[in-house]
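Okay, so here's the structure we're looking at.
The values are calculated or read from the model by the stated rules, or taken from the named source; none is laboratory data. The shown structure was predicted, so the numbers you read here are calculated from the model rather than taken from an experiment. Neighbour counts run over all protein chains shown; Cβ positions are idealised from the backbone, glycine included. These area figures cover heavy atoms from the full protein model, side chains too; ligands, DNA and RNA do not enter into them. Shrake-Rupley method; radii C 1.70, N 1.55, O 1.52, S 1.80 Å.
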Amino acid sequence: MTRFVFATAQYESGDWDSAPLVPANVIDSLARYTNLDVAPTGVVVPLSSESALGFPLLYLTGHLPVRFSEAERGTLRRFVERGGMLFVDDHNHDVDGTFHKTATEEIARTIAPLTPLPNDHALYSAFFRFADGPPTTSHELNGWGDNLVHKQLQAVLRGDRIAVLYSSKDYSSEWNYHPESKRFQSVDNTKFAVNIVVYAVTR
(Lines give C-alpha, C1' and ligand atoms only; values in the text may rest on other atoms or scores of the structure.)
Protein backbone atom coordinates (compact mmCIF):
# COMPACT_ATOMS: atom_id res chain seq x y z
CA MET A 1 0.00 0.00 0.00
CA THR A 2 1.32 3.46 -0.84
CA ARG A 3 2.05 5.92 1.93
CA PHE A 4 -1.04 7.73 3.22
CA VAL A 5 -0.86 11.51 3.09
CA PHE A 6 -3.51 13.52 4.90
CA ALA A 7 -4.78 16.07 2.39
CA THR A 8 -6.78 19.19 3.26
CA ALA A 9 -8.82 20.56 0.37
CA GLN A 10 -8.21 24.23 -0.38
CA TYR A 11 -11.20 25.84 -2.07
CA GLU A 12 -11.44 29.39 -3.40
CA SER A 13 -14.45 30.47 -1.32
CA GLY A 14 -14.69 30.46 2.46
CA ASP A 15 -12.10 29.65 5.13
CA TRP A 16 -10.77 26.22 4.19
CA ASP A 17 -7.94 26.50 6.77
CA SER A 18 -10.14 27.02 9.83
CA ALA A 19 -8.87 23.91 11.68
CA PRO A 20 -5.10 23.90 11.14
CA LEU A 21 -4.21 21.40 13.90
CA VAL A 22 -6.54 18.64 12.71
CA PRO A 23 -4.09 17.07 10.22
CA ALA A 24 -1.25 16.69 12.76
CA ASN A 25 -3.63 15.24 15.33
CA VAL A 26 -5.14 12.68 12.95
CA ILE A 27 -1.68 11.73 11.66
CA ASP A 28 -0.55 11.18 15.26
CA SER A 29 -3.53 8.89 15.92
CA LEU A 30 -2.93 6.88 12.75
CA ALA A 31 0.68 6.36 13.81
CA ARG A 32 -0.37 5.39 17.36
CA TYR A 33 -3.08 2.90 16.52
CA THR A 34 -2.56 1.51 13.03
CA ASN A 35 0.12 -0.06 10.90
CA LEU A 36 -0.53 2.30 8.01
CA ASP A 37 2.49 3.90 6.42
CA VAL A 38 1.61 7.52 7.20
CA ALA A 39 3.42 10.65 6.03
CA PRO A 40 4.52 12.69 9.09
CA THR A 41 2.93 15.89 7.82
CA GLY A 42 -0.21 16.69 5.88
CA VAL A 43 -0.52 18.63 2.65
CA VAL A 44 -2.84 21.34 1.35
CA VAL A 45 -4.30 20.53 -2.06
CA PRO A 46 -6.15 23.05 -4.24
CA LEU A 47 -9.49 21.48 -5.07
CA SER A 48 -9.18 22.73 -8.63
CA SER A 49 -5.83 20.98 -9.11
CA GLU A 50 -5.20 17.69 -10.90
CA SER A 51 -3.02 16.74 -7.93
CA ALA A 52 -6.17 16.29 -5.83
CA LEU A 53 -6.94 13.17 -7.85
CA GLY A 54 -3.95 11.34 -6.37
CA PHE A 55 -5.29 11.14 -2.79
CA PRO A 56 -7.72 8.56 -1.39
CA LEU A 57 -9.22 11.06 1.06
CA LEU A 58 -9.75 14.82 1.01
CA TYR A 59 -10.74 16.70 4.17
CA LEU A 60 -12.80 19.86 3.73
CA THR A 61 -14.08 22.19 6.44
CA GLY A 62 -14.86 25.82 7.18
CA HIS A 63 -17.31 28.29 8.73
CA LEU A 64 -18.17 30.49 5.76
CA PRO A 65 -20.29 29.97 2.62
CA VAL A 66 -18.92 27.41 0.15
CA ARG A 67 -19.26 27.97 -3.58
CA PHE A 68 -17.18 25.72 -5.79
CA SER A 69 -15.75 27.05 -9.02
CA GLU A 70 -16.35 25.12 -12.23
CA ALA A 71 -12.76 23.85 -12.04
CA GLU A 72 -13.30 22.64 -8.47
CA ARG A 73 -16.53 20.89 -9.43
CA GLY A 74 -14.82 19.16 -12.33
CA THR A 75 -11.96 17.92 -10.18
CA LEU A 76 -14.30 16.77 -7.43
CA ARG A 77 -16.43 14.76 -9.86
CA ARG A 78 -13.37 13.02 -11.25
CA PHE A 79 -11.99 12.47 -7.74
CA VAL A 80 -15.16 10.61 -6.73
CA GLU A 81 -15.34 8.69 -10.01
CA ARG A 82 -11.78 7.46 -9.44
CA GLY A 83 -12.73 6.07 -6.01
CA GLY A 84 -11.75 8.96 -3.77
CA MET A 85 -13.66 9.94 -0.64
CA LEU A 86 -14.43 13.52 0.36
CA PHE A 87 -14.95 14.13 4.08
CA VAL A 88 -16.76 17.40 4.73
CA ASP A 89 -17.17 18.62 8.31
CA ASP A 90 -19.17 21.70 9.24
CA HIS A 91 -17.00 23.72 11.60
CA ASN A 92 -20.10 25.61 12.81
CA HIS A 93 -22.03 22.67 14.34
CA ASP A 94 -25.15 24.51 13.21
CA VAL A 95 -27.54 23.06 10.61
CA ASP A 96 -28.94 26.51 9.84
CA GLY A 97 -25.50 27.99 9.24
CA THR A 98 -24.22 29.27 5.93
CA PHE A 99 -21.53 26.60 5.62
CA HIS A 100 -24.08 23.81 5.99
CA LYS A 101 -26.59 25.32 3.58
CA THR A 102 -24.06 26.12 0.87
CA ALA A 103 -21.84 23.04 1.26
CA THR A 104 -24.78 20.63 1.02
CA GLU A 105 -26.11 22.53 -2.00
CA GLU A 106 -22.71 22.32 -3.70
CA ILE A 107 -22.37 18.61 -2.99
CA ALA A 108 -25.80 17.98 -4.49
CA ARG A 109 -25.00 20.15 -7.50
CA THR A 110 -21.58 18.61 -8.07
CA ILE A 111 -22.13 14.93 -7.23
CA ALA A 112 -25.54 13.99 -5.75
CA PRO A 113 -27.79 14.90 -2.82
CA LEU A 114 -26.74 13.67 0.61
CA THR A 115 -28.75 11.02 2.41
CA PRO A 116 -28.54 9.74 6.01
CA LEU A 117 -25.82 7.13 6.55
CA PRO A 118 -27.05 4.12 8.56
CA ASN A 119 -25.36 3.81 11.94
CA ASP A 120 -24.49 0.19 11.20
CA HIS A 121 -22.51 1.10 8.09
CA ALA A 122 -19.07 -0.48 7.67
CA LEU A 123 -17.47 2.91 8.42
CA TYR A 124 -18.28 2.43 12.10
CA SER A 125 -16.34 -0.81 12.35
CA ALA A 126 -13.55 -0.04 9.87
CA PHE A 127 -11.00 -0.03 12.73
CA PHE A 128 -12.51 0.89 16.09
CA ARG A 129 -16.10 -0.15 16.73
CA PHE A 130 -18.70 2.57 17.21
CA ALA A 131 -21.86 0.58 17.96
CA ASP A 132 -24.10 3.65 18.13
CA GLY A 133 -22.81 5.33 14.98
CA PRO A 134 -20.93 8.64 14.94
CA PRO A 135 -19.50 9.65 18.35
CA THR A 136 -21.05 12.71 19.92
CA THR A 137 -18.91 15.84 20.24
CA SER A 138 -18.54 17.97 23.36
CA HIS A 139 -20.15 20.87 21.47
CA GLU A 140 -23.30 18.85 20.94
CA LEU A 141 -23.42 17.74 24.57
CA ASN A 142 -22.90 21.31 25.79
CA GLY A 143 -25.66 22.67 23.56
CA TRP A 144 -23.26 24.97 21.73
CA GLY A 145 -24.59 25.64 18.24
CA ASP A 146 -27.95 24.25 17.18
CA ASN A 147 -28.66 22.40 20.48
CA LEU A 148 -28.91 19.14 18.57
CA VAL A 149 -27.06 15.85 18.90
CA HIS A 150 -26.85 14.71 15.30
CA LYS A 151 -27.56 10.99 15.44
CA GLN A 152 -26.35 10.25 11.90
CA LEU A 153 -23.86 11.49 9.38
CA GLN A 154 -24.89 12.04 5.79
CA ALA A 155 -23.30 10.59 2.70
CA VAL A 156 -23.31 10.17 -1.04
CA LEU A 157 -22.85 6.50 -1.85
CA ARG A 158 -21.48 4.87 -4.99
CA GLY A 159 -22.84 1.37 -4.64
CA ASP A 160 -22.02 0.54 -1.02
CA ARG A 161 -18.94 2.80 -0.96
CA ILE A 162 -18.98 6.24 0.64
CA ALA A 163 -17.99 8.85 -1.96
CA VAL A 164 -18.85 11.88 0.18
CA LEU A 165 -19.13 11.81 3.98
CA TYR A 166 -20.77 14.86 5.54
CA SER A 167 -20.78 15.75 9.24
CA SER A 168 -22.79 18.43 11.08
CA LYS A 169 -21.08 17.41 14.32
CA ASP A 170 -18.07 19.78 14.12
CA TYR A 171 -15.32 17.23 14.52
CA SER A 172 -13.05 19.99 13.25
CA SER A 173 -13.33 21.82 16.59
CA GLU A 174 -13.14 18.54 18.50
CA TRP A 175 -9.89 17.45 16.80
CA ASN A 176 -8.24 20.87 16.45
CA TYR A 177 -5.70 20.56 19.26
CA HIS A 178 -2.02 19.73 19.44
CA PRO A 179 -1.37 15.95 19.54
CA GLU A 180 0.67 16.30 22.75
CA SER A 181 -2.55 17.30 24.52
CA LYS A 182 -3.91 13.76 24.11
CA ARG A 183 -2.46 12.81 27.47
CA PHE A 184 -4.95 15.20 29.10
CA GLN A 185 -7.94 13.50 27.44
CA SER A 186 -9.85 10.82 29.34
CA VAL A 187 -11.02 9.48 25.97
CA ASP A 188 -9.12 10.01 22.73
CA ASN A 189 -11.75 11.72 20.58
CA THR A 190 -9.72 11.30 17.38
CA LYS A 191 -10.35 7.55 17.17
CA PHE A 192 -13.26 8.10 14.80
CA ALA A 193 -10.89 9.96 12.48
CA VAL A 194 -8.88 6.72 12.31
CA ASN A 195 -11.98 4.90 11.09
CA ILE A 196 -12.57 7.49 8.39
CA VAL A 197 -9.02 7.17 7.07
CA VAL A 198 -8.89 3.37 7.27
CA TYR A 199 -12.23 3.14 5.49
CA ALA A 200 -11.08 5.50 2.74
CA VAL A 201 -7.85 3.64 2.05
CA THR A 202 -9.31 0.12 2.18
CA ARG A 203 -12.57 0.51 0.22
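A few notes on this one:
- Residues in the range 168-203 that are under 22 Å from A126 (Cα atoms), among the small types (G, A, S) and in a helix (DSSP H, G or I) were compared, and the one that is modelled with the lowest pLDDT is S172.
- The residues in the range 179-196 that are without any contact (Cβ under 8 Å) to a residue 24 or more places away in the chain and crowded, with 17+ Cβ neighbours inside 10 Å can be counted, and the count is 0.
- Output for the range 157-184, where each listed residue is over 16 Å from A19 (Cβ atoms) and more than 10 Å from the chain's Cα centre (by Cα): L157, R158, G159, D160, R161, I162, A163, E180, K182, R183, F184
- Complete set of residues in the range 155-167 that are in contact with a helix residue (DSSP H, G or I) (Cβ under 8 Å, 6 or more places away or on another chain) and not in a loop (DSSP other than H, G, I, E, B): V156, R158, I162, A163, V164, L165, Y166
Yes or no, residue by residue, for (1) open to solvent by 10 Å² or more (accessible area, probe 1.4 Å); (2) part of a loop (DSSP other than H, G, I, E, B); (3) modelled with pLDDT of 95 or more; (4) not acidic (D, E):
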| site | (1), (2), (3), (4) |
| --- | --- |
| P118 | yes, yes, yes, yes |
| F128 | yes, yes, yes, yes |
| H139 | yes, no, no, yes |
| G145 | yes, yes, no, yes |
| K151 | yes, yes, no, yes |
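- The single condition among (1) more than 17 Å from M85 (Cα to Cα); (2) surrounded by 20 or more Cβ atoms within 10 Å (Cβ to Cβ) that Y199 does not satisfy is (1).
- On the stretch given as the range 94-109, residues that are surrounded by fewer than 19 Cβ atoms within 10 Å (Cβ to Cβ), closer than 15 Å to V156 by Cα and not acidic (D, E) total 2.
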